[in-house]
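Chemist: Quick one: structure below, then a few questions.
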Amino acid sequence: MATRMHRAHRVAGALVGSAVGDALGAPFEFGPPGRFSARFPSPARGARTEMCGGGPWEPGEFTDDTQMALLVASSLVDRDGLDEADLFDRFRAWAEADPKDVGIQTRAVLGSGQPWDVAATEHFRRTGRAAGNGSLMRTTPAAIRFSRDGRDVTMDAARRISALTHGDPSTGEGCAIFHELMRVALDGGDPLAAIPSALEACADEHRDRWATVLAPEWTPADVTESNGAVWPTLGQAVWALRNGRDFADVMRLVIDLGGDTDTVAAVAGGLAGAVFGMGGIPSRWASAVHGRVPGHGEKVWRLADLQQLATALDGGVQQNYDPGVIPRIGPTEVLPGIWAGNLDGARHSDEDFAVISLCRLGEPFPHQVHRMAYIADNDHNADLDVMLADVLDDMKALHDEGLRLLVHCHGGASRTGLVLRGWLVREKGMSVEEATAHVAERWPHLGLWNDSFTAALERLAARSDDEGQR
Ligand SMILES: [Mg+2]
């Protein structure tokens, strides 16, 4: 079934995955190991998810890791490449705007009053301490931006950006290795298989220490310093990628390690997002991620903004999506407790609906419970089975909590129909034919032009049968 995943899904997955990891790990920062699984022994798909917030952070709010990453991203896009002085200015304006969290080393360097090309080296010379993970945590956008330029160029860019705040060259080597693994992953390759060649390009005096934490036999139990340091951060992220079944599993593994959970999960989330793609990131997490960048306007960054930015970083055109005004359809109750509509029908619906969006939206919706899972209205969805199962699982949990569900896409026809039919196949045990007839009778807008949707429903029916017999 696998359509080869389009690069755009990996690029978006990397940027969104990193922000998701940051927001997901933030409430568990500096906690003991195992706390995530203790609090969430099974997937939390209802109105309250694992994006629980805590400390100064709202549920789904990303932290300084992503704030700095967005500064890197905007500088790279605006300056069309690496302009270190510009980036350092942006960092400094951000640090002066009193963000909720700033790394100790980053704060010291940015607040030193020294120019960009000496501040970090000067700090390192004076203190001898600079091997924190604060430059690794923000490097996903640069890893995307330089991924098309080959191994040496992307590794060099990583070192230069790291050196703006982190004077210890070992941090630059860690960022350089991360960039190379990301380059390979975005190309559809296996980042774990790229470790030897990344180490080869690593500076001689740093190679052994990096080789140790990236070796297949290394585990977090072998750690020799806290994961606020750069080596265990990348080591743990790679270990989780090696051992996780899917994006969610990688996140659970790293956050359960405790310590600097937002940063380790941001690093792991970037790599895992590139490997599993946008469709592999649970929609309940991607839909919730958001935050501001202090010192850089009032804009609240959300999923759609991150996806557009990812496209721009990879050389595409960054344009705001405007769906225009379309005549409203719905919401109409098609199945018990489940309404359907088109884009504007959903946008203007009662705010107590739990909304499941399957298309791009333009302006965000006001609804409290809102899941966004973008499915293309054609036969080229790479992860249709995974996304459909994710949507249906969330719907089941929200439905069980007594919420009214509203499923919609742009026209309310084909994608909406896919999910309504999928619900009947999964929850009512109907055949695809029965489900299609059942929906068609109650929802005249049903569209059946995507053959791949019906094929996905047949696979869903076969899997549901298997599970029923077990
Ligand atoms: Mg943080």
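Chemist: Enumerate by residue number the GluC sites (Glu not before Pro) in the range 141-228 meeting two conditions: DSSP loop (anything except H, G, I, E, B), and at most 12 other Cβ atoms within 10 Å of the site's Cβ.
Modeler: Working: sites: Glu173, Glu180, Glu200, Glu205, Glu217, Glu225; in loops: Glu217, Glu225.
When the GluC sites (Glu not before Pro) of the range 141-228 are filtered for loop state and at most 12 Cβ neighbours within 10 Å, Glu217, Glu225 remain.
Chemist: Here is a further query. Output the 0 to 90 degree angle, nearest 10, between the alpha-carbon long axis of helix 230-243 and the longest principal axis computed from the alpha carbons of the chain.
Modeler: 30
Chemist: Would you please give the residues with an amide H less than 5 Å from that of Gly31, counting only those at least 5 places away or on a separate chain, with H modeled from the backbone geometry?
Modeler: Gly259, Thr261
Chemist: Setting aside same-chain residues fewer than 8 positions from Lys100, which lysines have a Cα under 27 Å from its Cα?
Modeler: Candidates past the 8-residue exclusion: Lys299.
Chemist: Please name which of Met155, Pro366, Val275 has its Cα lying farthest along the dipole of the chain towards the positive end, using unit charges on Cβ (Lys, Arg +1; Asp, Glu -1) and the Cα centre as origin.
Modeler: The Cα lying farthest towards the positive end belongs to Pro366.
Chemist: Considering only DSSP beta bridges where both residues belong to the chain, give the percentage that are antiparallel (nearest 5).
Modeler: Numbers: 8 of 20 bridges.
For the chain, the DSSP antiparallel bridge percentage is about 40.
Chemist: Right, something else. Residue by residue through the range 302-316, what is 3J(HN,Hα) from phi via Karplus (6.51 cos²θ - 1.76 cosθ + 1.60, θ = phi - 60°)? Round to whole Hz and write x for glycine and proline.
Modeler: Per-residue couplings from phi come out as 10, 3, 5, 5, 5, 5, 5, 5, 4, 4, 5, 4, 8, x, x Hz.
Chemist: Let me ask something else. Which trypsin sites (Lys or Arg not before Pro) in the range 124-219 pass both tests, a DSSP loop state and at most 14 other beta-carbon atoms within 10 Å?
Modeler: Arg129
Chemist: Turning to a different aspect of this structure: Per-residue HN-Hα couplings for the range 246-263, Karplus 6.51 cos²θ - 1.76 cosθ + 1.60 at θ = phi - 60°, whole Hz, x for Gly and Pro?
Modeler: Those phi angles translate into 8, 4, 4, 5, 4, 5, 4, 4, 6, 5, 5, 6, x, x, 7, 5, 5, 6 Hz.
Chemist: Cα axis of helix 432-442 to longest principal axis of the chain: angle in degrees, 0 to 90, nearest 10?
Modeler: 70
Chemist: Something else about it: Could you compute the net charge surrounding Phe40? Neighbours are other residues with a C-beta less than 12 Å from the C-beta of Phe40; K and R count +1, D and E count -1.
Modeler: +4
Chemist: Which stretch or stretches of the range 385-423 have amide N atoms under 14 Å from the point lying 7 Å from Ala437's Cα along the Cα→Cβ direction?
Modeler: Counting only backbone N, you get no residues.
Chemist: Another question about this same structure. Per 0.36 nm of contour for each residue apart, how much would the distance between Asp190 and Glu217 grow if the chain were fully extended, relative to their Cα-Cα spacing?
Modeler: Gain in length upon complete extension: 8.0 nm.
Chemist: Still on this model: If each of Glu84 and Glu427 carries a label point 7 Å out from its Cα toward its Cβ, how far apart are those two points in nm?
Modeler: 5.7
Chemist: Let me ask something else about it. Give the residue list of GluC sites (Glu not before Pro) in the range 268-355 that are DSSP loop and have at most 15 other beta-carbon atoms within 10 angstrom.
Modeler: Glu298, Glu351
Chemist: Lys/Arg Cβ at +1, Asp/Glu Cβ at -1, dipole of the chain taken about the Cα centre: which of Pro220, Thr127, Thr49 is farthest positive-ward?
Modeler: Toward the positive end, the furthest listed residue is Thr49.
Chemist: Separate question: Under the rule of at least 5 residues apart or a separate chain, name every residue whose amide H is placed under 5 Å from the amide H of Ser287.
Modeler: Met372
Chemist: Still on this model: Would you mind telling me the share, in percent, of accessible area of the chain contributed by carbon and sulfur at probe 1.4 angstrom?
Modeler: 49
Chemist: Which angle between 0 and 90 degrees, to the nearest 10, do you get for helix 414-428 versus the longest principal axis of the chain when only C-alpha atoms count?
Modeler: With both axes taken from Cα atoms, the answer is about 80 degrees.
Chemist: Under a 5 Å amide H to amide H cut-off, with H placed in plane at 1.01 Å, what residues pair with Thr219 once short-range neighbours are removed?
Modeler: Here the answer is none, since no amide H 5 or more places off falls under 5 Å of that of Thr219.
Chemist: Another one. No other cysteine beta carbon under 4.7 Å away is the test; run it over the chain and list who passes.
Modeler: Cys52, Cys175, Cys202 - these cysteines have no disulfide-compatible partner (Cβ-Cβ under 4.7 Å) in the chain.
Chemist: Rounded to whole Hz and in sequence order, give me ³J(HN,Hα) for the range 264-271 from the Karplus expression 6.51 cos²θ - 1.76 cosθ + 1.60, θ = phi - 60°, writing x for Gly and Pro.
Modeler: Along the range 264-271, the couplings run 5, 6, 5, 5, 5, x, x, 5 Hz.
Chemist: Turning to a different aspect of this structure: Charges at C-beta only: +1 for Lys and Arg, -1 for Asp and Glu. How large is the resulting dipole of the range 7-313 about its Cα centre, in Debye rounded to 20?
Modeler: Rounded to the nearest 20 debye, it is 720 debye.
Chemist: Follow-up question, since we're still on this one. Determine the gain in length on full extension of the stretch Ser226-Glu401; use 0.36 nm per residue of separation and subtract their C-alpha separation, reporting nm with one decimal.
Modeler: Contour length minus the Cα-Cα distance gives 59.0 nm.
Chemist: Can you tell me the relative contact order of the chain? Whole percent, Cα pairs under 8 Å, sequence separation 6 or more.
Modeler: 19
Chemist: When the helix-only estimate is applied to the chain (DSSP H runs of n ≥ 4, each -39,500 (n - 2.57), divided by the residue count), what is the mean residue ellipticity at 222 nm, nearest 500 deg cm²/dmol?
Modeler: Working: 21 runs with 242 residues, N = 470.
Helix contribution divided over all residues of the chain: -16000 deg cm²/dmol.
Chemist: Moving on to the next point. What FRET efficiency comes out for Asp208 versus Gln114 if R0 is 35 angstrom and r is the Cβ-Cβ distance? Round to the nearest 0.05.
Modeler: 0.65
Chemist: Return one whole number: the accessible area per residue of the chain in Å², for a 1.4 Å probe.
Modeler: Values: 18820 Å² over 470 residues.
Result: 40 Å² of accessible area for each residue.
The values are calculated or read from the model by the stated rules, or taken from the named source; none is laboratory data. Keep in mind that what you see is a predicted model, and the values were worked out from it rather than measured. Every residue, glycine among them, receives a Cβ derived from its backbone with ideal geometry; neighbour counts consider all protein chains shown. Keep in mind that these areas ignore ligands, DNA and RNA; they rest on the heavy atoms of the full protein, side chains included. Shrake-Rupley method; radii C 1.70, N 1.55, O 1.52, S 1.80 Å.
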